[in-house]
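S.K.: Below you'll find the structure I mean.
Readers should treat all values here as calculations from the given coordinates under stated rules, not as data from a laboratory. Owing to the predicted nature of the structure, the values given are computational and were not obtained by experimental measurement. Note: ideal-geometry Cβ built from the backbone for every residue, glycine included; neighbour counts use all protein chains shown.
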Amino acid sequence: MRELDLKSWKRKEIFDLYYKYDIPQISLCTPVDVTNVYKFAKSKGLSFYFCLCHIFYTAFLKIEEYMIRSINGKIVVEDCIFANICAMKPGEELFKIINFEYCQDIEKFCEVAKKTLQNQTVFIEPQPAGTRGSQAIAYISCAPWFEFTHITHPQDVQRNSFIPHVSFDKMKIKNGKRYVNVSLEVNHAAIDGSLIAKLLNEVKSLIKNL
């Protein structure tokens, strides 16, 4: 990780305002066409959910502002390497949080995610010794049982977290295309609407090029 030079940062005035807020997070919910993701997952025998997680993680890693974190009073650009996913084993009713290292290959990512979930017996496994919780790229979850147009996530207001939260709702079919509503929650001290648009454009590009 490297410390961010706040004095020369173009977002300094915005950061100075929102960083002081008790809850600086903003959230939105928007539909995303996931038709190609569904087709790709089915053709490869992969989890649609894990494929979608990989696409969002890959998009986050392309945009530096989503890697900004607050660590021990310092604002840094973190070396984000971990996936953090809420997932549920078939036949179970309680979810688990799985942590594992991101890999660029989507098929390998899905295989590691599946194996990690199958082998995990506790609610959450800690990250390996010597790593930091701030190295999670984003927290991703889903609610595949119902549709939503808004969702909030638990927040520890004492930590002023910068780690993005992403949630997917139940897939819908409209005019032959498949959609999920994507909820995105980010810290407004680092992220604004233009950067959210940039992220969504990266997601759409990755989906198109599967």
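S.K.: Under a point spin-label approximation (7 Å from Cα along Cα-to-Cβ), what is the Lys177-Trp145 distance to one decimal in nm?
M.R.: About 3.0 nm separates the two model spin labels.
S.K.: Could you work out the local net charge near Asn99, counting Lys and Arg as +1, Asp and Glu as -1, over the other residues with Cβ closer than 14 Å to its Cβ? Present the calculation step by step, with values, prior to reporting the outcome.
M.R.: On the way: positive: Lys96, Lys115, Arg132; negative: Glu101, Glu125.
Result for the local shell: +1.
S.K.: Continuing with the same structure: Rounded to the nearest 0.05, what FRET efficiency do His153 and Glu13 have when you use their Cβ-Cβ distance and R0 = 22 Å? Don't skip to the answer; put the middle values down first.
M.R.: Values: r = 27 Å, r/R0 = 1.22.
After rounding to 0.05, the efficiency reads 0.25.
S.K.: Next question. Using the alpha-carbon centroid of each, what span in Å lies between segment 145-210 and segment 2-44?
M.R.: Each part's Cα centre sits 9 Å from the other's.
S.K.: Another one. Quick check: pseudo-label points 7 Å beyond the Cα along Cα→Cβ at Phe123 and Ile23, how many nm apart are they?
M.R.: Reported label-point gap for Phe123 and Ile23 is 2.1 nm.
S.K.: Something else now. For segment 57-129, what does the convex hull of the Cα positions come to per residue, in cubic angstrom? It would help to have the intermediate numbers written out before the result.
M.R.: Numbers: hull volume 8.7 nm³, N = 73.
Per residue, the Cα convex hull of segment 57-129 comes to 119 Å³.
S.K.: Length gain on complete extension for the stretch Leu94 to Glu107, per 0.36 nm per residue less the alpha carbon to alpha carbon distance? Before the final figure, lay out each step's value.
M.R.: Working: separation 13, 0.36 × 13 = 4.68 nm, distance 2.57 nm.
Fully extending the segment from Leu94 to Glu107 adds 2.1 nm.
S.K.: Also, I was wondering about something else. By average Cβ neighbour count within 10 Å, what is the ranking of 11-17, 122-128, 176-182 from highest down? Provide the component values of the computation, followed by the final result.
M.R.: On the way: 11-17: 13.9, 122-128: 11.6, 176-182: 16.6.
Highest mean packing first, the order is 176-182, 11-17, 122-128.
S.K.: Quick one: net charge around Met1, please, counting Lys, Arg +1 and Asp, Glu -1 for every other residue with C-beta under 11 Å from its C-beta. Don't skip to the answer; put the middle values down first.
M.R.: Details: positive: Arg2, Arg69, Lys74, Arg132; negative: Glu3, Glu78, Asp79.
Summing Lys/Arg as +1 and Asp/Glu as -1 gives +1.
S.K.: Calculate how many DSSP beta bridges within segment 1-141 are antiparallel, expressed in % of all such bridges and rounded to the nearest 5.
M.R.: Numbers: 12 of 16 bridges.
Close to 75 percent.
S.K.: Can you tell me how segment 54-95 classifies by the Cα gyration tensor, rounded, prolate or oblate, using a/c under 1.5 as the rounded cut? Write out the running numbers ahead of the final one.
M.R.: On the way: a/c = 4.62, a/b = 1.95, b/c = 2.37.
In terms of gyration-tensor shape, oblate.
S.K.: About the Cα centre of the chain, what is the dipole size in debye to 20, counting +1 per Lys and Arg Cβ and -1 per Asp and Glu Cβ, all else neutral?
M.R.: 620 debye
S.K.: Only helical DSSP H runs with n ≥ 4 go in: add -39500 (n - 2.57) per run for the chain, normalise by residue count and round the 222 nm mean residue ellipticity to 500 deg cm²/dmol. Please report the intermediate quantities before stating the final value.
M.R.: Details: 5 runs with 61 residues, N = 210.
Taking each H run of at least 4 residues, the total per residue is -9000 deg cm²/dmol.
S.K.: With +1 on each Lys and Arg Cβ and -1 on each Asp and Glu Cβ, how big is the dipole of segment 100-210 about its Cα centre, in debye rounded to the nearest 20?
M.R.: Numbers: 13 positive and 11 negative charges, 90 e Å.
The calculation lands at about 440 debye.
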